[in-house]
1. Which of the residues spanning the stretch 55-98 are within 20 Å of the chain's Cα centre (by Cα), closer than 17 Å to L139 by Cα and either in a loop (DSSP other than H, G, I, E, B) or without any contact (Cβ under 8 Å) to a residue 40 or more places away in the chain (or both)?
2. Take the residues in the stretch 35-51 that are within 12 Å of A155 (Cα to Cα) and touching a residue at least 60 places away in the same chain (Cβ under 8 Å), then tell me which one is surrounded by the fewest Cβ atoms within 10 Å (Cβ to Cβ).
3. Of the residues S106, S63, S81, only one is at pLDDT 90 or above and in the same structural domain as S29 (by TED's automatic domain parsing); which?
4. Looking only at the stretch 186-242, how many residues end up being surrounded by 13 or more Cβ atoms within 10 Å (Cβ to Cβ), of a type in the set (S, T, N, Q), at pLDDT 75 or above and out of contact with any Pro (no Cβ under 7 Å at 6 or more places or on another chain)?
5. Tell me whether the stretch 25-44 contains one or more residues that are within 18 Å of H215 (Cα to Cα), not polar (S, T, N, Q) and not in a loop (DSSP other than H, G, I, E, B).
Amino acid sequence: MVIKYESRKFIDLILSSASKWVNWDPPTSISVGDYGSINRETGEFMWEGNIYNDHFQELLDKSPEPIKIDLKDPALQPEVSVGDDKLIISSSGVYATDAKLGAEVSVQSQANVSLHVNFEFRDEGGAILVLHKPQYSSLPKDERFTSLFRAAHEALKGKSIITQVISCPAYLMVLSRQKGEKVSASLSATHTNPVATIGAEAGLKWSSEMVHGLHRSGSNTQAIFKPLYKLMQPRRTFWNFIFGQRGGDSENESIVWEDVRRPWDLLDDEGEEMERYDPTMEDDSCSDWEMGLVGGEEGKFVAKYVGADDVEQREWAVAHREARLKQFFQISHAMAG
């Protein structure tokens, strides 16, 4: 059976292993400072803008109290660094049986710089992502971004922001649902000069052996592909100060970043969202709950579900239970009045 949303399933598996989001189409450009949201059905990033655009500089210049920040200041530009020779990410149940990176001269007098990997899917399928010579571009830690975000709150509140992009000259994606699947892939660079190493005149090429599943790859002499990115958002209390709400961060407090959560529920093997079991609808025994009313009649209803090990399942159950409790007490109070 074909996975309905292959992109979402692949992104979900890699996100669970690396806490980074996958750009399903790596040749498509994404940049540090991009903001937008995640498409719930496909898992792909939906671009709305970039904080380095001229529009944001205008917001800073026209704010009630003009903020003297030049977004073209080199200290505010993304920081670039080089990683290891390879980055390999695999989901649970996928094992790398061999991964080598080395240079050799073949009998055909061609210089080869090769990356060779072997994987085995020991569970019911999984995902593999391989990056050759990854490069990192990251949002710098500068307090001036706090002023920028506050000045541009109308555009940025509730948005997800790309704080890191990982690019590379070659990548490999594999998504399989076949237990026991074995994948072998090699990346080689050929050169007319047998004593030369990989450079501007060399070409990169993937070769792979696999039986089932989805296989995507790309190669170039330059790091033009962007398969991975970090997606963050300021914690909700950051915006509360601006709107005069309780529990907001202080005016001068730095941004505290939080990982963006998946907008979908747990996925099955076909990539479909699983129907969640609601323990609050089972019965009224509340055997799996610890609950109470804190702060009197106008206080907060607190429900702690202790019957699930999965964090997301537990948080979902808590939210639903508290909503039902609050509704029940509001109706009871109205009838008593």
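The values are calculated or read from the model by the stated rules, or taken from the named source; none is laboratory data. This structure is a prediction, so every number in the text was calculated from the model and none was measured. Reconstructed Cβ throughout: ideal geometry from the backbone, glycine too, with neighbour counts over all protein chains shown.
1. The answer is P78, G83.
2. The selected residue is E48.
3. On the way: S106 fails: at pLDDT 90 or above; S63 fails: at pLDDT 90 or above.
After applying the criteria, what remains is S81.
4. 7
5. no
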